[in-house]
Amino acid sequence: MLLMQENCNQVDGILESWIWKMAAALKSQPNQMNVIIADWLTLAHQHYPIAVQNTRTTGREIAQLLEWLEESVQFSRSNVHLIGYSLGAHVSGFAGSFINGTKKIGRITGLDPAGPLFEGMSPTDRLSPDDANFVDAIHTFTKQHMGLSVGIKQPVAHFDFYPNGGTFQPGCHILHVYNHIAQYGITGITQTVKCAHERSVHLFIDSLLHKDKQSTAYWCNDINTFNKGLCLSCRNNRCNTLGYNIREERPPKSRRLFLKTRAHMPFKVYHYQFKIHIINEIHGKPINPAFTMSLAGTKEDAKNLHIPLVEGIIGNQTYSFLITLDTDIGDVIMIKLKWEGTPVWENIWDTFQTIIPWTKGTHRPGLIVKAIRVKAGETQQKNTFCPQSIDNIHLHPSQVKTFVKCEDRFQNRK
């Protein structure tokens, strides 16, 4: 299998160190392959609009090289995998579109394809799903400023991956980034920008180096819906593996896939959807308590996880949110939920209950957490957890309640 790698150096006119890391990672794979690096630094290290024009020239030359290989050594273009970073992603696309004949090259991977002068362009003027039998792209720096982003935001592949939403990446800092670009042009991209832009490269290398920690991403409309944990489904091929070991298929339309990652290798995290059914017995305006959660797993535990509720608790509702863990804790077997109340919170709560009369029994009104439903994205396993003590179900500030696996006992309890 032949893999072509096109690089666009962004800063200092020399080949980036990650190129050799990727080449070594590719050569370490069980299936034998030839790795060719296309050095187009002279054409890439120009004023940005000129470098954009040169992507077509470079793409055409790579297409001619592939045609020559077919004629001279009967090498099949279906075995070609082009991997391009930034402008190099569009070079790969042009190579795929310029090659003569009806057959397409095998695969193109775009690593944070460049955005300026490509965003919103027609498929023939940028990387697109038409350029190879299979195209995947990883978007890591699509944060916009004045309508522009370093990486392209729109889908350009059969599967477009948006780690952490694609706008920016954990462990990177965006302070003064766009001021540098405005002052120095494309050569003013500092290590700050490279951190997020180049993260796409390291995510791909990670997929080659850590076979046991492949990152799963999930088809979703947007990052806000994903952050509610509503997209962790693998039914009907709704999830896929980020990087080299992706499942290659051609959906009728581009699919946006989302995932969370760590700030460093290995980048994999474990995704969980939590749905908490809460009743607020104090009628009136919503309350906004802070909760933490501790999980007991079959392999290890996870403690003091912040629950990202983005809306106030009112009435009788179910709230859904996403939690990610850096380690595999195995199957969740027990949950401890704590209302992180302070002494001030408790005094306010007690005063509030004193001035609001109630008639239902003699208990202290509070929050009732009826059930917690958990779905693990990586295993697709679902479980329901109910209060360990069904005779004391009220939760108040500073209290901790324990939940164990159940069969939704509250459904049968009046």
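The values are calculated or read from the model by the stated rules, or taken from the named source; none is laboratory data. Fair warning: this is a prediction, and the values are worked out from it, not measured in the lab. Here the Cβ positions follow ideal geometry from the backbone for every residue, glycine too, while neighbour counts run over all protein chains shown. SASA here: full protein model, heavy atoms, side chains in, ligands and nucleic acids out. Shrake-Rupley method; radii C 1.70, N 1.55, O 1.52, S 1.80 Å.
Computed quantities for the displayed model
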quantity: HN-Hα J in Hz across the range 152-167 - Karplus 6.51, -1.76, 1.60, θ = phi - 60°, x for Gly and Pro; calculated: 5, 8, 5, x, 9, 9, 5, 10, 10, 9, 10, x, 6, x, x, 6
quantity: Around Thr402: net Lys/Arg minus Asp/Glu count, Cβ-Cβ under 11 Å; calculated: +3
quantity: Cα radius of gyration and Dmax for the range 2-264 (Å); calculated: 17.3, 54
quantity: Largest-first ordering by accessible area, 1.4 Å probe, given options His81, His210; calculated: His210, His81
quantity: Computed accessible area, Val73, all protein chains, 1.4 angstrom probe, square angstrom; calculated: 90 Å²
quantity: Ser398 accessible area, 1.4 Å probe, all protein chains in place, Å² to nearest 10; calculated: 50 Å²
quantity: Dipole of the range 208-333, positive direction: furthest Cα of His271, Gly243, Ile313, with charges on the beta-carbon; calculated: Gly243
quantity: Residue-by-residue Karplus 3J(HN,Hα) for the range 203-208, coefficients 6.51, -1.76, 1.60, Hz, glycine and proline x; calculated: 5, 5, 4, 4, 5, 7
quantity: Ranking by accessible area, most exposed first, for Met334, Met33 with a 1.4 Å probe; calculated: Met334, Met33
quantity: Loop trypsin sites (Lys or Arg not before Pro), the range 243-280, which have at most 12 other Cβ atoms in a 10 Å radius of their Cβ (DSSP); calculated: Arg247, Lys253
quantity: For Phe161, residues with placed amide H under 5 Å, excluding near neighbours; calculated: Ala137, Ile138, His139, Leu257
